[in-house]
1. Of the residues that sit in region 223-233 and are among the aliphatic types (A, V, I, L, M) and surrounded by 23 or more Cβ atoms within 10 Å (Cβ to Cβ), which one is farthest from the ligand (Cβ to nearest atom)?
2. So which of Leu223, Leu166 ends up being under 27 Å from Ala248 (Cβ atoms), touching a Lys or Arg at 6+ places or on another chain (Cβ under 6 Å) and hydrophobic (A, V, I, L, M, F, W, C)?
3. Output the residue which, of all residues in region 110-127 that are part of a loop (DSSP other than H, G, I, E, B) and surrounded by fewer than 23 Cβ atoms within 10 Å (Cβ to Cβ), is nearest to the ligand (Cβ to nearest atom).
4. Please work out if Ser236 is within 12 Å of the ligand (Cβ to nearest atom) and among the polar types (S, T, N, Q).
5. State all residues of region 129-155 that are in contact (Cβ under 8 Å) with a residue 60 or more places away in the chain and within 16 Å of the ligand (Cβ to nearest atom); if no residue qualifies, say none.
Amino acid sequence: MSTVSTPHEAAADAASVLAEKTGVARHDIALVMGSGWLPAVDALGEAVAEIDIADLPGFAAPAVEGHGGKLRSVRAGDKNLLVFLGRTHFYEGLGVAAVVHGVRTAAAAGCRAIVLTNGCGGLKETWSPGTPVLISDHINLTGCSPIVGAHFVDLTDLYSPRLRALCQEVEPGLDEGVYVQFPGPHYETPAEIGMVRAIGGHLVGMSTTLEAIAAREAGLEVLGISLVTNLAAGMSGEPLNHEEVLEAGKAAATRMGALLGAVVPRI
Ligand code: 8IG
């Protein structure tokens, strides 16, 4: 008998251990907190349980400082939120299945919607560090898909128009943009940013698109929100710097907490 499990079986295993360790049988909405978003977590509601993500089957330990590695169950109104404090990135080289294991675990845990957040570079001069931008669509430049086999998943309206409209009600005038995922971990060259502009991108980062695809495959409604923490390479006249990125997140935490705290209960 083979002991190799499919990614969906692995997610079901993780969801079952999650229910055991948190004491919460089912979760409703998942959130993935990206660079700069961790300080916004406390605004979501009361923490019911927090566990090390590495204690669930199939998850890797965190690779980057400031990227968490914990999983929190939060009670918000009548909803159970499953909050990933950090994520596995494509550039860690653990494979695409590892990148989307959290999304599949969330679906197996009962979630119907997922909020994918990230820190990213911005291509509009008016987006000062700390500006939130709703993701309206994406361009996946990793060359990969989380889906294996002849399963032709539709990605029209991947980033839920309903959930974007909800965000616009909470914070009228929020900008929207097309998120472009590069493999990383290096930032782009200025020439690559020129390419992004030419192909219709507005935001550049190293996450989110593979997770959004896996979420759609799993039937989850997807909300994507980027926090622009720096102007894209070649735009500011300064080199890009990871510490500055984390600082911009900290400074924007109150605003992001208020946004998420108002939107999530209405999802
Ligand atoms: I924060 O400018 C953050 N993450 N690819 N480019 C890419 N990823 C990022 C950037 C950026 N800023």
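1. Keep residues of region 223-233 that are among the aliphatic types (A, V, I, L, M), which gives 223, 225, 227-228, 231-233.
Next, from what is left, pick out any that are surrounded by 23 or more Cβ atoms within 10 Å (Cβ to Cβ): 223, 225, 227-228, 232.
Numbers: Leu223: 19, Ile225: 13, Leu227: 8, Val228: 8, Ala232: 5 Å.
The extreme case among them is Leu223.
2. Values: Leu223 fails: touching a Lys or Arg at 6+ places or on another chain (Cβ under 6 Å).
After applying the criteria, what remains is Leu166.
3. Residues of region 110-127 part of a loop (DSSP other than H, G, I, E, B): 110-112, 123-127.
Checking the rest, the ones that are also surrounded by fewer than 23 Cβ atoms within 10 Å (Cβ to Cβ) come to 110, 112, 123-126.
On the way: Gly110: 31, Arg112: 29, Leu123: 9, Lys124: 13, Glu125: 14, Thr126: 16 Å.
Here the answer is Leu123.
4. Working: within 12 Å of the ligand (Cβ to nearest atom): yes; among the polar types (S, T, N, Q): yes.
Spelling it out, Ser236 is indeed within 12 Å of the ligand (Cβ to nearest atom) and among the polar types (S, T, N, Q).
5. Pro129, Gly130, Thr131, Pro132, Val133, Ile135, His138, Ile139, Asn140, Thr142, Cys144
Coordinate-derived values only; no laboratory data. Every value quoted in this text rests on a predicted model; they were computed, and no experiment measured them. Using ideal geometry, Cβ is built from the backbone for each residue, glycine included, and neighbour counts are taken over all protein chains shown.
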